[in-house]
Amino acid sequence: MSKTDEYRQFASDCIVWARIATSGHQREQFLELSKKWMSDAESIDQRIGLRAAKASEMAGEEIDRLGDPLATDEERQLRKRRLIKGPKEFRAIRNRVKING
């Protein structure tokens, strides 16, 4: 389970605890804690997205630098797209990113 999934599960648990809380104060505390867990999960997701975008940009620049100068622009772009996306078999594995710590 990734950290973001774990954090979202904690947030869900807090909502359940808020429903069975014995006081309004407890309920508010559990709901605030739930919001914090969700905020942290979204923050991690955002950082992952930024890293992925930067990695893709860097890969694209290197592919452009090493590309076949005799290929047409269309062919170079097609090759670049294929290289950046990677084989279909590996995409699912790559997208299951786990954040530790």
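Observations
- Pairs with Cβ under 9 Å, 6+ apart, first in region 45-59 and within 14 Å of Ser2 (Cβ to Cβ), second hydroxyl-bearing (Ser, Thr, Tyr) and in a helix (DSSP H, G or I): Asp45/Thr4; Ile48/Thr4
- Conditions (1) loosely packed, with under 12 Cβ neighbours inside 10 Å; (2) outside any loop (DSSP other than H, G, I, E, B): number failed by Leu70: (2)
- For Asp40, the requirement of being open to solvent by less than 70 Å² (accessible area, probe 1.4 Å), of a type in the set (Asp, Glu), in contact with a Ser or Thr (Cβ under 9 Å, 6 or more places away or on another chain) and at negative phi is met.
- Restricting region 43-57 to residues that are in contact with a helix residue (DSSP H, G or I) (Cβ under 8 Å, 6 or more places away or on another chain) and of a type outside the set (Val, Ile, Thr) leaves a set whose member that is modelled with the highest pLDDT is Asp45.
- Taking the conditions (1) under 22 Å from Gly86 (Cα atoms); (2) open to solvent by 50 Å² or more (accessible area, probe 1.4 Å); (3) part of a loop (DSSP other than H, G, I, E, B) in turn, Arg51 satisfies each one other than (3).
The values are calculated or read from the model by the stated rules, or taken from the named source; none is laboratory data. Note that the structure is predicted; figures quoted are calculated from it, not measured. Heads up, the Cβs are rebuilt from the backbone with ideal geometry, glycines too, and the neighbour counts pull from every protein chain shown. When the accessible area is computed, the model is the full protein with side chains, heavy atoms only, and any ligands, DNA or RNA have been set aside. Shrake-Rupley method; radii C 1.70, N 1.55, O 1.52, S 1.80 Å.
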